[in-house]
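Asks: The structure under discussion is supplied below as structure tokens; questions concerning it will follow.
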Amino acid sequence: MQGNKAIEVSGLTKTFGTLTAVDNVSFDVSEGEFFGFLGPNGAGKTTLIRILTTLLKPTSGGAVVACCDVARHPERVRHEIGVVPQAMTSDLDLTGYENMDIYGRFYGMPAKERKERTGYLLDLVGLTQRANDLVAAYSGGMRRRLEIARGLVHRPKILFLDEPTIGLDPQSRQNIWGFLKKLMEGDRMTVFLTTHYMEEAEELCGRIAIIDSGKIVVIGSPEELKGRLPGNDSIVLTVDNITQDLIAKVEKLPFVHKSSVEENKIRVSVDSGANNLPGLIDEARSSGAKVLSASIHEQSLEDVFIHYTGKSIREEEAKKVSFLVGAGIPRKWGR
Amino acid sequence: MTRLLAVIERDLKKFRRNPVVLAMSVLMPLIYLIIIGNSFQGKLKALPVVVVDQDTGPHSGRVVENLQAVAAGPGTITIIRMKDQQEALSGVREGSYKAALIIPSDFSKNVARKSRPSVGLFLDNTDGISSETIRITVEGAVRASGTEYVSVREAAGEVRMRDVNLYSKVDYYQSLVPGVVIMAIFLGAMTTGAFNLVMDRFLGIDESYLLTPLSKAHIVSGLIISGLFITTLIAFFILIVSMLITGISFSAEPGQWVAIFAVITLTTLGLLSMMFVIIGRVNHPRIVGILSGFLNVILFFPSGAIYPVASFPGWLKSFALVNPEAYAVDALKSILFKGAALSSVSHDIAYLFMFTLIMMIVAIFAFKRTV
Ligand SMILES: Nc1ncnc2c1ncn2[C@@H]1O[C@H](COP(=O)(O)OP(=O)(O)OP(=O)(O)O)[C@@H](O)[C@H]1O
Ligand SMILES: [Mg+2]
């Protein structure tokens with residue numbers, strides 16, 4: 001067999017006309033791993049998942065998922081994987097239970113097993129009480145939980161989650177993280193998740209790949225990636241007016257490793273931020289700038305992202321209008 | 001097999017949860033029947049015809065009697081008797097009457113002598129439908145009087161004698177029934193089957209079942225089978241109800257019911273498969289909306305449901321040759337009105353079968369199993 005690799009991707013490329021959505025991507029995911037793809041809007045996360053889950057054919061390169069090559073034996077791959085697409089895909093005219101049951105039948109599961117599994121999963125995602133209501137009457141968070149449960153009904157070897165908590169409030173998000181972790185303890189399943197939420201990647205993933213404009217920028221565990229950053233804290237100063245003089249002065253400070261500028265904010269990586277914050281503020285004032293506010297935090301994946309891509313993922317997040325638009329609309333363009 | 005059943009059941013459940021769609025698919029063809037049936041019938045009732053009988057002989061008397069029978073029975077015309085030919089003709093010209101029938105004084109004599117008896121018919125040609133109807137009625141009355149060789153001289157020129165069954169029991173209203181059943185099938189085929197695929201695609205739901213091991217054949221045939229089930233049920237319901245409404249008395253033998261069943265099922269299957277070919281890749285319901293209006297007109301009006309195919313111009317006749325609805329209408333008319341057996345509509349059924357088979361193969365071939 002393939003050793004203990006669940007997913008092997010090599011040189012995968014997908015182009016839509018002149019646009020390269022996934023650009024020569026290679027990586028491996030081991031069995032039982034919780035692997036995350038972190039990237040902003042339009043990075044190519046959904047396109048990559050669609051290729052790995054047999055919905056799209058790659059332009060070049062290949063991927064082996066679970067057992068077989070996705071382009072050569074898509075029907076075999078489909079048996080082994082469970083997928084929760086980015087857009088909401090449960091049937092509004094069916095009840096939660098019916099959605100699960102019909103799905104189990106698509107996989108040819110026997111009735112008894114379907115019933116048991118559906119009962120267990122609905123309980124896990126906290127929908128037992130609402131199982132016989134039409135999905136049309138569900139909230140967004142409930143619908144999402146149902147779809148994750150549905151993706152698991154046939155005991156897949158690998159679960160693909162495309163932005164599972166997009167558009168949900170923090171509470172629903174916590175809830176979903178909670179049962180995903182619980183699930184990982186039980187079944188020894190491989191999970192492939194995409195997200196543009198740092199906290200989500202940090203909370204759930206054993207290893208992440210940061211993807212930007214279709215290219216993998218860096219791969220590693222969250223700790224590893226943070227460890228590679230110079231310094232250990234991040235300070236953001238908001239000033240009235242950013243000048244070249246200010247930037248030059250700040251960068252010359254011995255405890256400052258790196259700086260970046262967004263609008264009227266200057267972000268610096270430093271060693272022991274609490275001790276060095278006063279010195280940084282003094283230096284800024286001495287160059288004539290008025291400091292409006294200062295914040296200090298331990299370096300996070302956000303800083304990793306900025307370090308490698310030169311931009312903040314949060315800017316991108318603000319542009320995200322609707323989670324439905326995210327995956328529902330652009331794919332039609334190609335046809 | 002369980003997978004196919006799951007596709008069917010999913011579709012049927014979804015349909016059942018939308019009773020408005022069901023109600024509309026049943027009501028619309030029936031309303032159509034009542035509106036079209038009555039509006040066309042209205043024009044063909046009580047057309048005023050002046051009769052000037054200058055002969056008053058035995059043969060002219062019989063012609064007038066026959067016309068009076070039509071006036072009293074189906075009521076297509078009403079008869080006004082007049083003595084003065086000039087007055088009658090100017091009445092037609094002024095629009096008071098739709099036609100004037102002049103029976104010349106030598107009519108009975110000529111009939112007896114078999115020397116080219118003739119009558120004169122003056123028609124208001126501005127109203128095509130009524131003048132045609134009157135001409136047919138008068139010709140029928142003259143024939144039915146037993147005077148076979150009478151020619152009806154029309155003011156506008158020569159008149160061909162036609163073999164018209166004046167006292168046929170099938171009125172226009174009843175003759176619409178096959179068309180209405182076919183229309184119900186069309187509506188059903190439009191709103192089930194491939195349309196559900198378009199809706200799923202539009203809502204982005206298709207992705208969830210394209211991710212499962214369902215094959216193309218599962219998806220396409222599952223949707224066609226559930227559409228077939230729903231649509232044939234509706235079509236039979238419409239058939240029974242519209243027969244009751246229009247008063248068709250039809251005591252069919254089992255073989256004829258088999259023929260009706262075969263025609264309805266095959267037509268439904270054929271149209272469902274055809275819709276898969278046409279809208280199988282469409283991703284917006286609005287496109288289906290536009291197409292459905294267009295297709296309905298294109299298929300329904302040249303089907304012979306309203307006007308007989310025989311009176312179409314040549315190019316339209318050749319379109320009727322490939323139009324599945326034309327075969328369906330023809331078969332249903334033969335069975336319901338001529339009491340034809342399964343064997344006498346076998347050519348219709350054979351065509352529908354071929355059409356369905358080809359469309360189904362193309363449908364599965366053309367369906368794309370990727371997003
Ligand atoms: N069917 C398509 N035709 C043309 N371009 C496409 C198609 N699908 C995706 N794209 C483009 O490919 C790029 C990557 O899109 P993709 O949906 O994979 O991004 P994403 O990382 O999932 O973004 P998001 O966070 O918004 O979901 C985008 O620029 C998008 O416009
Ligand atoms: Mg996406």
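The values are calculated or read from the model by the stated rules, or taken from the named source; none is laboratory data. All of these numbers come straight from a predicted model, not from anything done at the bench. Cβ placement follows ideal geometry from the backbone for every residue including glycine, while neighbour counts extend to all protein chains displayed.
Asks: From A:Thr89, A:Thr46, A:Thr20, grab the single residue that is β-branched (Val, Ile, Thr) and in a helix (DSSP H, G or I).
Replies: On the way: A:Thr89 fails: in a helix (DSSP H, G or I); A:Thr20 fails: in a helix (DSSP H, G or I).
Going through A:Thr89, A:Thr46, A:Thr20 in turn, the sole match is A:Thr46.
Asks: Can you find even one residue in region A:272-283 that is over 19 Å from the mean Cα position of the chain (by Cα), within 16 Å of ligand 1 (Cβ to nearest atom) and modelled with pLDDT under 80?
Replies: Restricting attention to region A:272-283, the residues satisfying the condition of being over 19 Å from the mean Cα position of the chain (by Cα) are A:272-283.
This time we only want the ones that are within 16 Å of ligand 1 (Cβ to nearest atom), so: none.
No; the residues of region A:272-283 include none that is over 19 Å from the mean Cα position of the chain (by Cα), within 16 Å of ligand 1 (Cβ to nearest atom) and modelled with pLDDT under 80.
Asks: What's the number of the condition A:Asp187 fails, among (1) within 14 Å of chain B (Cβ to nearest Cβ); (2) among the acidic types (Asp, Glu); (3) away from ligand 2 (no atom under 16 Å from the Cβ)?
Replies: The number of the failed condition is (1).
Asks: May I ask you to list the residues in region B:170-213 that are over 20 Å from B:Leu272 (Cα atoms) and at the interface with chain A (Cβ under 9 Å from one of its Cβ atoms)? Break it down stepwise before answering.
Replies: Our first condition is that a residue be over 20 Å from B:Leu272 (Cα atoms); within region B:170-213, this holds for B:170-177, B:203-205, B:207-213.
Passing the criteria: B:Leu203, B:Gly204, B:Ile205, B:Glu207, B:Ser208, B:Tyr209, B:Leu210, B:Leu211, B:Thr212, B:Pro213.
Asks: Only one of these conditions is not met by A:Gln174: (1) more than 16 Å from ligand 2 (Cβ to nearest atom); (2) assigned to a loop (DSSP other than H, G, I, E, B); (3) away from chain B (no Cβ under 12 Å). Which number is it?
Replies: Of everything listed in (1) more than 16 Å from ligand 2 (Cβ to nearest atom); (2) assigned to a loop (DSSP other than H, G, I, E, B); (3) away from chain B (no Cβ under 12 Å), A:Gln174 misses just condition (2).
Asks: Let me ask you something else. For A:Leu183, indicate whether it is more than 14 Å from ligand 1 (Cβ to nearest atom), touching a residue at least 60 places away in the same chain (Cβ under 8 Å) and either among the aliphatic types (A, V, I, L, M) or under 30 Å from A:Ala274 (Cβ atoms) (or both). Give the steps one after another, and end with the answer.
Replies: Numbers: more than 14 Å from ligand 1 (Cβ to nearest atom): yes; touching a residue at least 60 places away in the same chain (Cβ under 8 Å): no; either among the aliphatic types (A, V, I, L, M) or under 30 Å from A:Ala274 (Cβ atoms) (or both): yes.
The answer is no for A:Leu183.
Asks: Can you find even one residue in region A:44-59 that is within 14 Å of ligand 2 (Cβ to nearest atom) and in contact with a His (Cβ under 9 Å, 6 or more places away or on another chain)?
Replies: yes
Asks: Can you name the helices (runs of 4 or more DSSP H) wholly within region A:290-330 that have at least 1 residues being modelled with pLDDT of 80 or more?
Replies: Values: elements: A:301-309, A:313-319, A:323-328.
Fully inside region A:290-330 and qualifying: A:301-309.
Asks: Follow-up question, since we're still on this one. Could you please find all residues in region B:59-115 being within 37 Å of the chain's Cα centre (by Cα) and part of a strand (DSSP E or B)?
Replies: Across region B:59-115, the qualifying residues are B:Ile77, B:Thr78, B:Ile79, B:Ile80, B:Arg81, B:Ala99, B:Ala100, B:Leu101, B:Ile102, B:Ile103.
Asks: Can I ask one more? If only one of A:Gly104, A:Gly62, A:Gly82 is in the same structural domain as A:Gln129 (by TED's automatic domain parsing) and closer than 30 Å to A:Gly17 by Cβ, which one is it? Break it down stepwise before answering.
Replies: On the way: A:Gly104 fails: closer than 30 Å to A:Gly17 by Cβ; A:Gly82 fails: closer than 30 Å to A:Gly17 by Cβ.
Answer to the selection: A:Gly62.
Asks: Answer with yes or no whether B:Arg16 is over 24 Å from the mean Cα position of the chain (by Cα) and within 30 Å of B:Thr191 (Cβ to Cβ). First the steps, then the outcome.
Replies: Details: over 24 Å from the mean Cα position of the chain (by Cα): yes; within 30 Å of B:Thr191 (Cβ to Cβ): yes.
Spelling it out, B:Arg16 is indeed over 24 Å from the mean Cα position of the chain (by Cα) and within 30 Å of B:Thr191 (Cβ to Cβ).
Asks: When residues of region A:19-32 are filtered for being touching a residue at least 24 places away in the same chain (Cβ under 8 Å) and within 16 Å of ligand 1 (Cβ to nearest atom), how many remain? Before the answer, list the steps.
Replies: So the first thing to find is which residues in region A:19-32 are touching a residue at least 24 places away in the same chain (Cβ under 8 Å), and the list is A:20-27, A:29-32.
Those left that are additionally within 16 Å of ligand 1 (Cβ to nearest atom): A:20-25, A:27.
Final tally of qualifying residues: 7.
Asks: In the list B:Phe367, B:Phe355, which residue meets the criterion of being buried (at least 19 other Cβ atoms within 10 Å of the Cβ) and over 28 Å from B:Gly37 (Cβ atoms)?
Replies: On the way: B:Phe367 fails: buried (at least 19 other Cβ atoms within 10 Å of the Cβ).
Just a single option satisfies the conditions, and that option is B:Phe355.
Asks: Scan region A:95-108 and give yes if some residue there is under 29 Å from A:Gly140 (Cβ atoms), within 12 Å of ligand 1 (Cβ to nearest atom) and either crowded, with 17+ Cβ neighbours inside 10 Å or more than 16 Å from the chain's Cα centre (by Cα) (or both), otherwise no. Please lay out each step first, then the result.
Replies: Just the residues of region A:95-108 that are under 29 Å from A:Gly140 (Cβ atoms), to begin with: A:95-107.
Next, from what is left, pick out any that are within 12 Å of ligand 1 (Cβ to nearest atom): none.
Within region A:95-108, none of the residues are under 29 Å from A:Gly140 (Cβ atoms), within 12 Å of ligand 1 (Cβ to nearest atom) and either crowded, with 17+ Cβ neighbours inside 10 Å or more than 16 Å from the chain's Cα centre (by Cα) (or both).
Asks: Ok, one more. Name, by its number, the condition in (1) over 20 Å from A:Pro74 (Cα atoms); (2) within 15 Å of ligand 1 (Cβ to nearest atom) that does not hold for A:Thr53.
Replies: Exception for A:Thr53: condition (1).
Asks: Has region A:66-86 got any residue that is outside any helix (DSSP H, G or I), within 12 Å of another protein chain (Cβ to nearest Cβ) and over 25 Å from B:Leu4 (Cα atoms)?
Replies: Looking through region A:66-86, at least one residue is outside any helix (DSSP H, G or I), within 12 Å of another protein chain (Cβ to nearest Cβ) and over 25 Å from B:Leu4 (Cα atoms).
Asks: Answer with yes or no whether B:Phe355 is under 20 Å from B:Val277 (Cβ atoms) and more than 16 Å from ligand 1 (Cβ to nearest atom).
Replies: Details: under 20 Å from B:Val277 (Cβ atoms): yes; more than 16 Å from ligand 1 (Cβ to nearest atom): yes.
Considered against the rule, which asks whether it is under 20 Å from B:Val277 (Cβ atoms) and more than 16 Å from ligand 1 (Cβ to nearest atom), B:Phe355 comes out as yes.
Asks: For residues in region A:150-171 being away from chain B (no Cβ under 12 Å) and part of a helix (DSSP H, G or I), which is nearest to ligand 2 (Cβ to nearest atom)?
Replies: A:Pro170
Asks: Go over the candidates A:Phe16, A:Phe35 one by one and state the one that is in the same structural domain as A:Phe160 (by TED's automatic domain parsing), buried (at least 23 other Cβ atoms within 10 Å of the Cβ) and either among the β-branched types (Val, Ile, Thr) or touching a residue at least 24 places away in the same chain (Cβ under 8 Å) (or both). Before you say what the answer is, go through the steps one by one.
Replies: Details: A:Phe16 fails: buried (at least 23 other Cβ atoms within 10 Å of the Cβ).
Step by step, each of A:Phe16, A:Phe35 is checked, and only A:Phe35 is in the same structural domain as A:Phe160 (by TED's automatic domain parsing), buried (at least 23 other Cβ atoms within 10 Å of the Cβ) and either among the β-branched types (Val, Ile, Thr) or touching a residue at least 24 places away in the same chain (Cβ under 8 Å) (or both).
Asks: Being of a type outside the set (Ser, Thr, Tyr) and at pLDDT 85 or above narrows it down to one residue among B:Phe312, B:Phe300; which is it? Write out each step before concluding.
Replies: Numbers: B:Phe312 fails: at pLDDT 85 or above.
Residue meeting the stated conditions: B:Phe300.
Asks: Which of the residues belonging to region B:69-118 are touching a Phe, Trp or Tyr at 6+ places or on another chain (Cβ under 7 Å) and small (Gly, Ala, Ser)?
Replies: B:Gly91, B:Ala99, B:Ala100
Let's see how each residue does on (1) modelled with pLDDT of 95 or more; (2) of a type in the set (D, E, K, R); (3) over 16 Å from the mean Cα position of the chain (by Cα):
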{"position": "A:Phe16", "(1), (2), (3)": "no, no, yes"}
{"position": "A:Leu19", "(1), (2), (3)": "no, no, yes"}
{"position": "A:Glu33", "(1), (2), (3)": "no, yes, no"}
{"position": "A:Asn41", "(1), (2), (3)": "no, no, no"}
{"position": "A:Gly44", "(1), (2), (3)": "no, no, no"}
{"position": "A:Leu56", "(1), (2), (3)": "no, no, yes"}
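Asks: Here are the criteria: (1) assigned to a helix (DSSP H, G or I); (2) out of contact with any strand residue (DSSP E or B) (no Cβ under 7 Å at 6 or more places or on another chain). Tell me which single one A:Glu147 does not satisfy.
Replies: Every listed condition holds for A:Glu147 apart from (2).
Asks: With the checklist (1) touching a strand residue (DSSP E or B) at 6+ places or on another chain (Cβ under 6 Å); (2) within 16 Å of ligand 1 (Cβ to nearest atom) in hand, flag the one item A:Ala66 doesn't pass.
Replies: (2)
Asks: Among the residues of region A:179-191, which ones are over 15 Å from A:Arg150 (Cβ atoms) and under 16 Å from the mean Cα position of the chain (by Cα)?
Replies: Hits for region A:179-191 are A:Lys181, A:Thr190, A:Val191.
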